[in-house]
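The values are calculated or read from the model by the stated rules, or taken from the named source; none is laboratory data. Since we're looking at a predicted model, the values are computed, not measured. Here the Cβ positions follow ideal geometry from the backbone for every residue, glycine too, while neighbour counts run over all protein chains shown.
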């Protein structure tokens, strides 16, 4: 299976953590009226990506591991919508976040396939 000793060793988690930091930086400039709305939702869903990867890393069964990676992927798509909404509301455009999301999505899929194809 995976020779990583910690979730922090996973490239998919490292990229997800980088994404969280970038989302925090991006949302700092959002209007104050959004602090309990879009800013909070965007940050929470970004955190959920990395957190579910971390939690899934220690799960023993394939189904459990893959379930957490599926949840992380769902949160990634939620972030995609928030990024589109942010742009439509003229809160800013951040094409680098879209690129990073694409990379994370591919890594999540690859890691999930690796788990699925591993020995029981």
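List of remarks:
- Meets criteria (within 17 Å of residue 113 (Cα to Cα) and surrounded by fewer than 13 Cβ atoms within 10 Å (Cβ to Cβ)) for residue 59: no
- Number of residues in the range 67-93 that are more than 15 Å from residue 49 (Cα to Cα), surrounded by fewer than 17 Cβ atoms within 10 Å (Cβ to Cβ) and in contact (Cβ under 8 Å) with a residue 40 or more places away in the chain equals 3.
- Criterion applied to 87, 52 was being within 18 Å of residue 6 (Cα to Cα) and in a helix (DSSP H, G or I), and the one residue passing it is 52.
- Residues that are in contact (Cβ under 8 Å) with a residue 12 or more places away in the chain and outside any helix (DSSP H, G or I) within the range 55-66 comprise just one, 58.
- Residue match in the range 29-45 (condition: closer than 21 Å to residue 105 by Cβ and out of contact with any helix residue (DSSP H, G or I) (no Cβ under 8 Å at 6 or more places or on another chain)): yes
- Of the residues making up the range 94-104, at least one is modelled with pLDDT under 95 and touching a helix residue (DSSP H, G or I) at 6+ places or on another chain (Cβ under 6 Å).
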